[in-house]
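Beneath this line is the structure, given in structure tokens, with notes to follow.
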Amino acid sequence: MTATVGNPHTVNRPIQLHPSWLEHLQGEFKQSYMQQLRDFLRQEKQQHAIYPPGPLIFNALNSTPLDNVKAVIIGQDPYHGPGQAHGLCFSVPREVPIPPSLRNIFKELQDDLGIPPAPHGNLQSWADQGVLLLNTVLTVRQGQAGAHQGRGWETFTDRVIEVVNGQQNHVVFFLWGSYAQKKGACIDDSRHCVLRAPHPSPLSAHRGFFGSRPFSRANAYLQANGKTAIDWQLPA
């Protein structure tokens, strides 16, 4: 099954989307906002490099099918440097230096569960275990953080969160920072676990992200509700 959106590398090429998501999201690709987003991305590609590469725009959804979602981490927009973004929030490919916010996530993980910081920043193993690593905006212009905000992606990712909220039970939502907390305002905390904390950015991590123990709290909730815990330790 496929859906069509503005692919920055091959515009109008069908985008492969996992059937579990497409069942609930295929209508979004017919909406006017998505058509406008497609046109915007086509124009962007003519003038700029944009990230992540087209086949990885929906990497978060394809890596974590809806039926497998146990946790959701909400980010903002992709990293805007060459080679950094690969469609999973906070994550970078193995060969890319670990960004500051992710270093702080690893620090809290060590303080919380005793897991030493990984030598790389690729969070694919989390996604494979059911952690939806969802950016609010799924593309960005090279060198310009936030350049694709307000173009329609927020509407699409709102719908993604609504689908998880409505279709799944006992999901852990990590809402780090005011931006993510506003994004997750629709979440039913009587059915899900909502963990709110400051953003792990060096500018704010010391205001309460450090010491929030999100990883152990998430696993305790999952296990209490009959789900397997997430192995947060990344493969070497």
Fill in the blank from the handout: To the nearest 10 degrees, the tilt of helix 214-224 (Cα long axis) against the first principal axis of the alpha carbons of the chain is 80 degrees
Problem - Accessible solvent surface per residue of the chain, calculated while the other protein chains remain in place, 1.4 angstrom probe, Å² - result: 43 Å²
Handout entry: 15 Å Cα-Cα reach of residue 183 towards aspartates and glutamates, excluding residues that sit fewer than 8 places from it in its own chain
Key = 77, 154, 158, 162
Completion exercise
Under the Karplus relation with 6.51, -1.76 and 1.60 and θ = phi - 60°, whole-Hz ³J(HN,Hα) for region 74-82, x at Gly and Pro, equal 9, x, 9, 10, x, 4, 10, x, x
Problem - Karplus (6.51, -1.76, 1.60) ³J(HN,Hα), θ = phi - 60°, over region 94-102, in Hz, Gly and Pro reported as x - result: 4, 7, 8, x, 6, x, x, 5, 5
Practice task
Would you pull out the residues with amide H under 5 Å of residue 140's amide H, same chain only if 5 or more places away, H placed 1.01 Å from N?
Solution key: 51
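Would you please put 141-153, 209-221 in order of how densely packed they are, using the mean number of other Cβ atoms within 10 angstrom per residue and starting with the highest? Provide the component values of the computation, followed by the final result.
Working: 141-153: 16.3, 209-221: 18.2.
Order by mean packing, descending: 209-221, 141-153.
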Problem - Shape category assigned to region 66-132 from the gyration tensor of Cα positions, a/c cut at 1.5 - result: oblate
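Contact order normalised by length for the chain, with contacts defined as Cα pairs under 8 Å and 6 or more residues apart; what percent is it?
So the answer I get is 20 percent.
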Handout entry: R0 of 35 Å, Cβ-Cβ distance residue 23-residue 210: FRET efficiency to nearest 0.05
Key = 0.35
Fill in the blank from the handout: Bridge orientation stat for region 63-217 from DSSP, antiparallel percent rounded to 5, came to 5 percent
Fill in the blank from the handout: With +1 at each Lys and Arg Cβ and -1 at each Asp and Glu Cβ, the charge dipole magnitude of region 96-171 around its Cα centre, to the nearest 20 debye, comes out at 320 debye
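The values are calculated or read from the model by the stated rules, or taken from the named source; none is laboratory data. Because the structure is a prediction, the values reported are computed rather than measured. Virtual Cβ from ideal backbone geometry, glycine too; neighbours counted across all protein chains shown. These area figures cover heavy atoms from the full protein model, side chains too; ligands, DNA and RNA do not enter into them. Shrake-Rupley method; radii C 1.70, N 1.55, O 1.52, S 1.80 Å.
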